[in-house]
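These notes are about the structure you will find just below.
No lab work stands behind these numbers, since they all come straight from the coordinates. As the structure is a prediction and not an experimental result, all values here were calculated from the model. FYI the Cβ positions are ideal-geometry reconstructions off the backbone, even for glycines, and counts take in every protein chain you see.
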């Protein structure tokens with residue numbers, strides 16, 4: 001394809017790319033709002049700390065496959081699964097993964113505490 005022909009397509013390509021980026025930003029903002037709602041649910045079950053981590057917390061990494069990852073501390077083990085299910089019910093079309101900060105592997109806990117966002 002000659003360079004001058006390709007140049008005709010550049011404005012459209014750039015416009016579509018910018019629209020896609022705006023769409024991802026809106027979806028990421030929705031993910032944050034959903035994470036805060038889920039954190040509120042987890043606190044009602046006794047969570048003393050809720051930390052967001054994973055791809056949705058990092059700009060430029062969030063994409064269509066991104067879910068919401070939350071770590072909690074303080075929910076009694078007998079209530080953990082119910083709390084997780086109730087939290088998942090408030091996040092809309094996002095998948096939610098909840099981990100117990102005290103029960104997860106130490107390497108994951110270190111990453112969460114170092115890179116996570118406290119809600």
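Quick notes
- Packing-based ranking of 62-72, 103-113 yields 62-72, 103-113, ordered from highest to lowest mean Cβ neighbour count within 10 Å.
- Considering only region 3-118, percent of DSSP beta bridges that pair antiparallel, nearest 5: 60
- Virtual paramagnetic centre 7 Å along Cα→Cβ of residue 117, amide N under 15 Å, in region 41-78: 50-63, 66-71
- Taking the Kirkwood radius as Rh and the Cα radius of gyration as Rg, region 3-118 has a ratio of Rg/Rh equal to 1.16.
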